[in-house]
1. In region 23-156, with Lys and Arg counted as +1 and Asp and Glu as -1 at Cβ, which of these residues, P61, S25, G80, has the Cα nearest the positive end of the dipole, that is, farthest along it?
2. Mean-square fluctuation check for the chain, GNM, Cα pairs under 10 Å: which of F11, F77, F168 is largest?
3. Hey, in the GNM for the chain with a 10 angstrom Cα cutoff, which one of K110, K250, K86 fluctuates hardest?
4. Give me the percent relative contact order of region 134-267, please, defined on Cα pairs under 8 angstrom at least 6 residues apart.
5. Can you give the extra length, in nm with one decimal, that the chain gains between I105 and S184 once fully stretched, where that is 0.36 nm per residue apart less the Cα-Cα distance?
6. Rolling a 1.4 Å sphere over the protein heavy atoms, what is the accessible area per residue of region 1-122, to the nearest Å²?
7. Between G252, G173, G116, which gets the highest mean-square fluctuation from a Gaussian network model of the chain, Cα cutoff 10 Å?
8. Within region 25-119, what whole-number % of the accessible surface is contributed by carbon and sulfur, with the 1.4 Å probe and all protein chains included in the calculation?
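The values are calculated or read from the model by the stated rules, or taken from the named source; none is laboratory data. Worth saying up front: this structure is predicted, and the values here are computed from it rather than measured. Heads up, the Cβs are rebuilt from the backbone with ideal geometry, glycines too, and the neighbour counts pull from every protein chain shown. For the accessible areas, the whole protein counts, side chains as well, though only heavy atoms, and no ligand, DNA or RNA atoms are used. Shrake-Rupley method; radii C 1.70, N 1.55, O 1.52, S 1.80 Å.
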Amino acid sequence: MNRVLLCPPDFFSIRYEINPWMSLSRDVNPETAAAQWRQLHETLRSLDCEVEVLPPEPDWPDMVFTANAGLVAGSRFLLGNFRHPKRQGETPAYERWFADHGFEIVPLPKIHVFEGEGDALWFGDTLFCGHGFRTDREIAGWLAEELRCAVVDFALNDPHFYHLDTCFCPLRGGEALWHPPAFSEASRRMMRDHVLDLITVPPEEALRFACNAVVLDRHVLIPAGCPETSRMLVDRGYECHPLPMSEFIKSGGACKCLVLRLSADPWHHHGSG
């Protein structure tokens, strides 16, 4: 069964600017954000996904983006290190939650930054990693050794797509959504070598976070306003669930950023799980 971790947007707001999407002059609407989060929560549960909820803390408005906290590998939680001090205070809450729920906490070397599932996504038995903005390149080697698995590392070069999960989304059938301009030229070539069916999302839909989708088997929870991407998914046998994400996009995130997987994806196996 799919199992994920969410954190309610009770204290979500824009109090600083750490990516090009964020602007202190354009805060979120709390009521709209709460309604959008509830719809995501309800949609996940309607698809037989078990949803755990992390209590939010008032000093850390971006806790709502649980995907960045770390990476689950079986019964282990690889605890991330946030790049920006504005988010580093979230880490103790995540560490406590995972320890309290029976996970073995695996700390990262403090000299490196790693923002969890934001920059580490499974594609079959291979872990795809992004670096350039929020995660250090050296993390790929550390993950390969720690998890005893194949890791492919991609350089991100557009600050609007500062995490891998904003420009790449692996799908159950071995396809993947992606936005090629977000990657370096060498990384684009490498991506084409590793994924036989790459679905290029329209640029305007990439900016609506089309790649920041949650995949549950053949169901895809995708930000609203991405009709062409949805059509391409439906043509490949997927069922799309468009969700309004306007308030979270103001802060540089959408569906996938709000979700941290707690269970292994059914289509891959962890080497050390």
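1. S25
2. So, out of F11, F77, F168, the one fluctuating most is F11.
3. K110
4. Details: 191 pairs, mean separation 24.5, N = 134.
In percent, rounded to a whole number, it is 18.
5. Values: separation 79, 0.36 × 79 = 28.44 nm, distance 3.30 nm.
Result for the pair: 25.1 nm of gain on full extension.
6. Ligands and nucleic acids excluded, the figure is 43 Å² per residue.
7. G173
8. Of all accessible area on region 25-119, carbon and sulfur atoms account for 50 percent.
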